[in-house]
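Some notes on the structure that comes next.
The values are calculated or read from the model by the stated rules, or taken from the named source; none is laboratory data. Nothing here was measured: the structure is a model prediction, and the numbers come from that model. We place every Cβ from the backbone using ideal geometry, glycine too, and count neighbours over all the protein chains shown. Side chains included, ligands, DNA and RNA excluded: accessible areas come from the protein's heavy atoms. Shrake-Rupley method; radii C 1.70, N 1.55, O 1.52, S 1.80 Å.
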Amino acid sequence: MSLQLAEANLEDMHEMQTVVFAAYSDYPFARLVVLEIGTESIDIIEKGIQSATERSIRLWKASSTEYWIKIVDSETGTIVGVSQWQIYKDSPFENGAPHVEAEWYPVGSRIREYCTYLMNHRLKRQANRCNLPNIWLNMICTHPKYRRRGVAALMMQWGVTQADEIELEMFVEASSDGTHLYRNFGFVEVEGLSTPRPEGELDEEWKKLEEDYPFEATWMWRPKQKMQSKYCLE
């Protein structure tokens, strides 16, 4: 099997989303932010892939910092790995973190409130810690049939090469499956992250959502390779 890395284009998006859906089907937080991930209905999954494709293309077209990388099995021509990077050559949060809303859930529903809270909590943390030129690894995944064949490592090598060429720090919220990979490419673990909780008494519905859709990750950082960063944990 021969694997080839390339920058993706808009025409690749539907196939890349197919890989994303397959790779993240067992991740509760992914199922929270993308309703159709992890369902058993082929029709619902395809509808979700199409919706994610359209949304991702729209956002990509509007961005000057976003890069999608694909890994292709040259024997079949199939995309087997996908990663999405933000390369910020200037500070990305000079105006603070943007507010996002879980619009795919009904207005006034508890799950919409919960999802919106988690997403904005993550964005605020990113804005506080990454308001400097940096590379943010938003997502990296391998199709389950191609795992443990070096797919993710090829994409990571692309990312750290970009960082070293323009002397940027790197950040990622790593899943438990990804921490070893990131360590191999110079990332260090800064802090374990768990489901954030708003102040005040929580009702049983909110607690049940925490159980069903937990957020667990490790905040990891890769310093500039030629200079020591002033990065600090806030």
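Residues in segment 82-118 that are within 30 Å of residue 146 (Cα to Cα) and assigned to a helix (DSSP H, G or I): 0 in all. With respect to the stated conditions, residue 195 is more than 17 Å from residue 23 (Cβ to Cβ) and touching a Leu at 6+ places or on another chain (Cβ under 8 Å).
Here residue 67 meets the list (1) open to solvent by 30 Å² or more (accessible area, probe 1.4 Å); (2) farther than 26 Å from residue 15 by Cβ almost entirely, failing just condition (2).
If I ask for residues that are free of Cβ contacts under 8 Å to residues at least 12 places away in the same chain and either among the charged types (D, E, K, R) or in a helix (DSSP H, G or I) (or both), which ones from segment 21-49 would you list?
Within segment 21-49, the subset free of Cβ contacts under 8 Å to residues at least 12 places away in the same chain is 30, 39-44, 46-47.
30, 40, 42, 43, 44, 46, 47 - these are the residues of segment 21-49 that are free of Cβ contacts under 8 Å to residues at least 12 places away in the same chain and either among the charged types (D, E, K, R) or in a helix (DSSP H, G or I) (or both).
Residues of segment 38-56 that are closer than 17 Å to residue 12 by Cβ, of a type outside the set (S, T, N, Q) and open to solvent by less than 40 Å² (accessible area, probe 1.4 Å): 49, 52.
Take residue 70 and decide whether it is among the basic types (Lys, Arg) and at pLDDT 95 or above. Spell out the reasoning first.
On the way: among the basic types (Lys, Arg): yes; at pLDDT 95 or above: yes.
Yes: the conditions hold for residue 70.
Could you list, in sequence order, all residues of segment 21-74 that are farther than 30 Å from residue 90 by Cβ and among the aromatic types (Phe, Trp, Tyr)? Answer for segment 21-74, where residues must be farther than 30 Å from residue 90 by Cβ and among the aromatic types (Phe, Trp, Tyr): 21, 24, 27.
On the stretch given as segment 129-143, residues that are open to solvent by 30 Å² or more (accessible area, probe 1.4 Å) and touching a helix residue (DSSP H, G or I) at 6+ places or on another chain (Cβ under 6 Å) total 1. Close contacts from segment 135-149, counting a first residue that is among the aromatic types (Phe, Trp, Tyr) and a second that is modelled with pLDDT of 95 or more, with Cβ to Cβ under 6 Å and a gap of 6+ residues or different chains, come to 136/86; 136/171; 146/80.
For every residue, the table says whether it meets (1) open to solvent by 40 Å² or more (accessible area, probe 1.4 Å); (2) in a helix (DSSP H, G or I); (3) out of contact with any helix residue (DSSP H, G or I) (no Cβ under 7 Å at 6 or more places or on another chain).
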position	(1), (2), (3)
122	yes, yes, yes
127	no, yes, yes
148	yes, no, yes
156	no, yes, no
160	no, yes, yes
177	yes, no, yes
180	yes, yes, yes
186	no, no, no
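From the list 223, 133, the lone residue that is under 18 Å from residue 92 (Cα atoms) and touching a Leu at 6+ places or on another chain (Cβ under 8 Å) is 133.
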